[in-house]
There are 2 protein chains.
Amino acid sequence: MTISTTLTEHVLNKLEGAKRTTGALAAASTAVKNEALRNMAAALWEQRAGIIAANAADVADAQAAGQLQARIDRLLLNETRILQMMEGLEQVAELADPVGEVLDKNELQNGLEITKLRVPMGVIAMIYESRPNVTVDATGLLIKTGNAIVLRGGREALRSNQALVAALRTGMQNAGLPIEAIQLIEMVDHASVDVLLEARGLVDLVIPRGGAGLIQRVVQNAKVPVIETGVGNCHVYVDKEADLAKAQPIVINAKTQRPSVCNAIETLLVHASVAANWLPQVARDLLARGVELRACAQSLAILKGANLAWQSGELLPATEEDWATEYLDFTLAVKVVGSLEEAMAHIAQYGSLHSEAIVTEDADAAETFLNGVDAAVVYHNASTRFTDGFEFGYGAEIGISTQKLHARGPMGLREMTSYKYVVRGEGQVRD
Amino acid sequence: MTISTTLTEHVLNKLEGAKRTTGALAAASTAVKNEALRNMAAALWEQRAGIIAANAADVADAQAAGQLQARIDRLLLNETRILQMMEGLEQVAELADPVGEVLDKNELQNGLEITKLRVPMGVIAMIYESRPNVTVDATGLLIKTGNAIVLRGGREALRSNQALVAALRTGMQNAGLPIEAIQLIEMVDHASVDVLLEARGLVDLVIPRGGAGLIQRVVQNAKVPVIETGVGNCHVYVDKEADLAKAQPIVINAKTQRPSVCNAIETLLVHASVAANWLPQVARDLLARGVELRACAQSLAILKGANLAWQSGELLPATEEDWATEYLDFTLAVKVVGSLEEAMAHIAQYGSLHSEAIVTEDADAAETFLNGVDAAVVYHNASTRFTDGFEFGYGAEIGISTQKLHARGPMGLREMTSYKYVVRGEGQVRD
């Protein structure tokens, strides 16, 4: 693909602008960074009329283009949502600043003193879709950790993001920090992502946030370091020794409390010895909440035989594709397994290393599952919905990593930092 | 490029073989892993005749192909080098096992107990060049940390690596660990690297070790997570307040003690106020050790005017390219700067985020440099040659990271691990 010079220059200018501020950001005190965050919140409120007007134009275009209501809802800003973003900034200002933390310190026999110190990453780029709140949330977390930020939001939210970034920059300026530390890429065709992903030396980390398509595009094309986030093909396994009084609410919660998020489950695995009696019970509850089932042959037979008034589409045979699908919707695949090992093998084959749960009263089975399942978060007798930076007590979250390099699971402030070694000597040389 | 099916299958079979063992490796006790390491050392000694014979065939081919002596020396194995590799394995067996370490533990208000636990990465691939000792050193570190390993060594060392891997696998087998955890890619054309770099889901981490060309190839083509290593365009800055009795040995050591390694310096930056008197002194010492200089206009004038018997090629004007070159040889670029800030700007422009040193008695200048220079290791009054896992007291080193994601500077055992969250509940669901 040929990328226009104008577009390349546009993106590189933004990146270089951000990079020039990394020294100042790394040197900024916690007090100044917190002041910037609070100033940003104040500026969002002061500039709310302009923000809401810009957003209204984005929303009008999305409606005219016939976008789905769910997407328009994600795009929408109003005073309530602005207040939520402001509250988020205030909360991040309250959190401890990880930058400067001494991670390790030791003196070598030759007298060299080595200090391992937490430092900002440098320039972090966020690539995301229609939610304009990411613009504010990510900026808060990254400025707090002394990073410069390059934002590449969705095309449909451009005017909203421009208005938000103007307010965020006002907040920076009022705290005496360089406004160039917050950059918004305003040429939003796909090629601007490609330029960003190849900008070695200008970007220390890229974090994609969005659907599987966006994340795959970033991971496949990036030549700069990436943290893969968010795709969650999560499972609950109900063991033969499960307390079914725990299993039922866990499955209902993990599937229905908020099905559109990555920590919701997509497949229920049930041990054969409890399937016949319990599957109809949980299916009744799921059905009442509007959940459609995609069942393996065995569970299909059990569910068809149960005294449930199935409507068209509510119970279908599962295909191979179902096991691999992140529905993000009121749909659940169901599979009967003959053993704990079969459940774990299914998860190893189809899981996305996100969140996996076992429900059992058998302590040995629980330990086998917790140790043997390769995922960011493994649960015993709890809903997968707890995989979340706020629930984990981090006070904030920039995303959920599904890779093993650098960060795994919910990422808070610490995960947005690196470290450096500072070595102090008196003329030492190596033998 | 079209990659043959045979080659793709060869590489994928190796990767899948490694992946199948990750559960067993992660569950292996420290005692069993240490036994495997000691068994590997024993097997290397028992099988030394075969290893040396295989290596002799590789060396003969390299000589016939007219390879440089330095390269043949890197390739050569003999009893002394086998003993060194064995000693390395024994040393790694003595080190603490990071796997299973509890990094954090807390109980939420709802009673959920969250434990953050150190776990192996999974499958780690090493891509390297002619040194066959990397085969043994990397395997020791990665088996100790419960990882499966896929080795892709240089074409010229294939028979040596095959013989070494056979011995390493004997060691695994004798400890009851799966031999498939150590895989050697035996089809060594470039395309096998490409297959490996695209094998998402089968490789958790790739570490390239070698020259800048190899590292660039890996970083540019990888679709799996990578840690960039090793390129070191390092500097010593001699400040106007430098104690020149410290500066001289530091510069000599950093340039000449072992110029072929990444932590040696490539450019000397000297403050203008000390350049006229001191540059001729240090140049005399460098010259006596066979170091050729590439000098900026100002330093060239000083050095030409000095009472030194320059031979052809020993003193040349520096070009723009010199500032960006990692010579890895007895060559040093020299630049006079007007201020600490100019030195830092030069390092920011040309440095490779590896190791950077300041020589000064001015504590403020030192702190400005240590805080403001973006590099894995920053030094005050010491040689850059200390950037090394053994020197830092890690007991081992798998490489030196020049990126900021996950690991920075010397990487030991801990850097070869990830973590997972284990959450224990009693039926908790999210509100």
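The values are calculated or read from the model by the stated rules, or taken from the named source; none is laboratory data. Values in this document were obtained by computation on a predicted structure and should not be read as measured data. Counting neighbours? That spans all protein chains shown, and the Cβs are built from the backbone with ideal geometry, glycine included. Heavy atoms of the whole protein, side chains included, go into the accessibility calculation; ligands, DNA and RNA do not. Shrake-Rupley method; radii C 1.70, N 1.55, O 1.52, S 1.80 Å.
If only one of B:184, B:205 is open to solvent by less than 30 Å² (accessible area, probe 1.4 Å), closer than 28 Å to residue B:412 by Cβ, within 14 Å of chain A (Cβ to nearest Cβ) and in contact with a helix residue (DSSP H, G or I) (Cβ under 9 Å, 6 or more places away or on another chain), which one is it? Before the answer, list the steps.
Details: B:184 fails: within 14 Å of chain A (Cβ to nearest Cβ).
Result of the check over B:184, B:205: B:205.
If we only count helices (runs of 4 or more DSSP H) wholly inside segment B:1-69, which ones have 2 or more residues that are away from chain A (no Cβ under 14 Å) and either over 18 Å from residue B:135 (Cα atoms) or open to solvent by 20 Å² or more (accessible area, probe 1.4 Å) (or both)? Walk me through how you get there before you give the answer.
Details: elements: B:5-20, B:22-27, B:30-46, B:48-64.
In segment B:1-69, the matching helices (runs of 4 or more DSSP H) lie at B:5-20, B:30-46, B:48-64.
Restricting to segment B:353-380, and then to whatever is open to solvent by less than 20 Å² (accessible area, probe 1.4 Å) and within 14 Å of the chain's Cα centre (by Cα), can you tell me which residue is nearest to the other protein chains (Cβ to nearest Cβ)?
Of everything passing the filter in segment B:353-380, B:377 is nearest to the other protein chains (Cβ to nearest Cβ).
Kindly list, by first and then second residue, each pair from a residue in segment B:134-146 that is assigned by TED's automatic domain parsing to the domain that holds residue B:90 and surrounded by 24 or more Cβ atoms within 10 Å (Cβ to Cβ) to a residue that is of a type in the set (Ser, Thr, Tyr) and part of a helix (DSSP H, G or I), limited to pairs with Cβ atoms under 8 Å and residues at least 6 apart or on different chains.
Correct list of pairs: B:135/B:160.
Being of a type in the set (A, V, I, L, M, F, W, C) and in contact with a Leu (Cβ under 6 Å, 6 or more places away or on another chain) is the filter here; which residues of segment A:383-402 pass it?
Selection gives A:396, A:398.
Can you tell me which of (1) closer than 27 Å to residue B:334 by Cα; (2) in contact (Cβ under 8 Å) with a residue 12 or more places away in the chain; (3) surrounded by fewer than 18 Cβ atoms within 10 Å (Cβ to Cβ) is the one residue B:189 doesn't meet?
Going through (1) closer than 27 Å to residue B:334 by Cα; (2) in contact (Cβ under 8 Å) with a residue 12 or more places away in the chain; (3) surrounded by fewer than 18 Cβ atoms within 10 Å (Cβ to Cβ) one by one, residue B:189 breaks only (1).
Check off (1) among the charged types (D, E, K, R); (2) over 29 Å from residue A:16 (Cβ atoms); (3) touching a strand residue (DSSP E or B) at 6+ places or on another chain (Cβ under 7 Å) for residue A:81 and give me the number that stays unchecked.
(3)
I'd like the full set of residues that are at pLDDT below 95 and open to solvent by 10 Å² or more (accessible area, probe 1.4 Å), limited to segment A:113-132.
Scanning segment A:113-132 gives A:129, A:131.
Just to be sure before I move on: is residue B:152 in the same structural domain as residue B:44 (by TED's automatic domain parsing), basic (Lys, Arg), modelled with pLDDT of 95 or more and open to solvent by less than 20 Å² (accessible area, probe 1.4 Å) in the structure I sent?
Details: in the same structural domain as residue B:44 (by TED's automatic domain parsing): yes; basic (Lys, Arg): yes; modelled with pLDDT of 95 or more: yes; open to solvent by less than 20 Å² (accessible area, probe 1.4 Å): yes.
Considered against the rule, which asks whether it is in the same structural domain as residue B:44 (by TED's automatic domain parsing), basic (Lys, Arg), modelled with pLDDT of 95 or more and open to solvent by less than 20 Å² (accessible area, probe 1.4 Å), residue B:152 comes out as yes.
Determine, yes or no, whether residue B:246 is within 14 Å of another protein chain (Cβ to nearest Cβ), in a helix (DSSP H, G or I) and in contact (Cβ under 8 Å) with a residue 24 or more places away in the chain.
yes
Return the only residue of B:181, B:157, B:163 being in contact (Cβ under 8 Å) with a residue 40 or more places away in the chain, aliphatic (A, V, I, L, M) and touching a Gly at 6+ places or on another chain (Cβ under 6 Å). Show your work before the answer.
On the way: B:181 fails: touching a Gly at 6+ places or on another chain (Cβ under 6 Å); B:157 fails: touching a Gly at 6+ places or on another chain (Cβ under 6 Å).
The conditions single out B:163.
Got at least one residue in segment B:349-356 being charged (D, E, K, R), under 20 Å from residue B:257 (Cα atoms) and either touching a Pro at 6+ places or on another chain (Cβ under 6 Å) or modelled with pLDDT under 95 (or both)? So that I can check it myself, show each step before the final result.
Start the filter on segment B:349-356 by keeping residues that are charged (D, E, K, R), which leaves B:356.
Those left that are additionally under 20 Å from residue B:257 (Cα atoms): B:356.
With either touching a Pro at 6+ places or on another chain (Cβ under 6 Å) or modelled with pLDDT under 95 (or both) added as a condition, the list becomes none.
No.
Among the listed residues A:74, A:118, A:81, identify the single one that is assigned by TED's automatic domain parsing to the domain that holds residue A:186 and not in a helix (DSSP H, G or I).
A:118
Of the residues that make up segment A:97-105, is at least one surrounded by fewer than 18 Cβ atoms within 10 Å (Cβ to Cβ), farther than 30 Å from residue B:392 by Cα and touching a residue at least 60 places away in the same chain (Cβ under 8 Å)?
no
Restricting to segment A:389-414, count the residues that are over 21 Å from residue A:143 (Cβ atoms), of a type in the set (D, E, K, R) and surrounded by fewer than 21 Cβ atoms within 10 Å (Cβ to Cβ).
1
Check whether at least one residue in segment A:220-228 is open to solvent by less than 10 Å² (accessible area, probe 1.4 Å) and under 26 Å from residue A:339 (Cβ atoms), and report yes or no.
no
Before we move on, is residue B:90 surrounded by fewer than 18 Cβ atoms within 10 Å (Cβ to Cβ) and part of a helix (DSSP H, G or I)?
In short, yes.
Quick check on my filter: what residues within segment B:229-246 are out of contact with any helix residue (DSSP H, G or I) (no Cβ under 7 Å at 6 or more places or on another chain) and either open to solvent by less than 20 Å² (accessible area, probe 1.4 Å) or under 30 Å from residue A:199 (Cα atoms) (or both)? It would help to see each step written out before you state the result.
We begin by selecting, within segment B:229-246, every residue out of contact with any helix residue (DSSP H, G or I) (no Cβ under 7 Å at 6 or more places or on another chain); these are B:232, B:243, B:245-246.
Correct list: B:232 only.
If we scan segment A:414-431, do we find a residue that is at pLDDT below 95, within 12 Å of another protein chain (Cβ to nearest Cβ) and at negative phi?
So far as segment A:414-431 goes, yes, one or more of its residues are at pLDDT below 95, within 12 Å of another protein chain (Cβ to nearest Cβ) and at negative phi.
So which residues in segment A:71-82 are in contact (Cβ under 8 Å) with a residue 40 or more places away in the chain and either open to solvent by 30 Å² or more (accessible area, probe 1.4 Å) or at positive phi (or both), if there are any at all?
Residues satisfying the conditions are A:71, A:74, A:81.
Six or more apart or on different chains, Cβ atoms under 7 Å: show the pairs whose first residue is in segment B:253-278 and closer than 21 Å to residue B:209 by Cα and touching a residue at least 24 places away in the same chain (Cβ under 8 Å) and whose second is open to solvent by 30 Å² or more (accessible area, probe 1.4 Å) and among the β-branched types (Val, Ile, Thr).
These pairs meet every condition: B:262/B:231; B:266/B:325.
Can you spot a residue in segment A:317-340 that is within 14 Å of chain B (Cβ to nearest Cβ), closer than 30 Å to residue B:118 by Cβ and free of Cβ contacts under 8 Å to residues at least 24 places away in the same chain?
No: segment A:317-340 contains no residue that is within 14 Å of chain B (Cβ to nearest Cβ), closer than 30 Å to residue B:118 by Cβ and free of Cβ contacts under 8 Å to residues at least 24 places away in the same chain.
Is there any pair with a first residue in segment B:381-393 that is within 13 Å of residue A:429 (Cβ to Cβ) and at the interface with chain A (Cβ under 7 Å from one of its Cβ atoms) and a second that is open to solvent by 20 Å² or more (accessible area, probe 1.4 Å) and part of a helix (DSSP H, G or I) whose Cβ atoms are under 7 Å apart and which are 6 or more apart or on different chains, and what are they?
B:381/B:246
Going by the structure shown, is residue A:55 modelled with pLDDT of 95 or more and in contact with a Lys or Arg (Cβ under 9 Å, 6 or more places away or on another chain)?
yes
What number of residues in segment B:223-243 are under 29 Å from residue A:218 (Cβ atoms) and within 11 Å of another protein chain (Cβ to nearest Cβ)?
The qualifying residues number 6.
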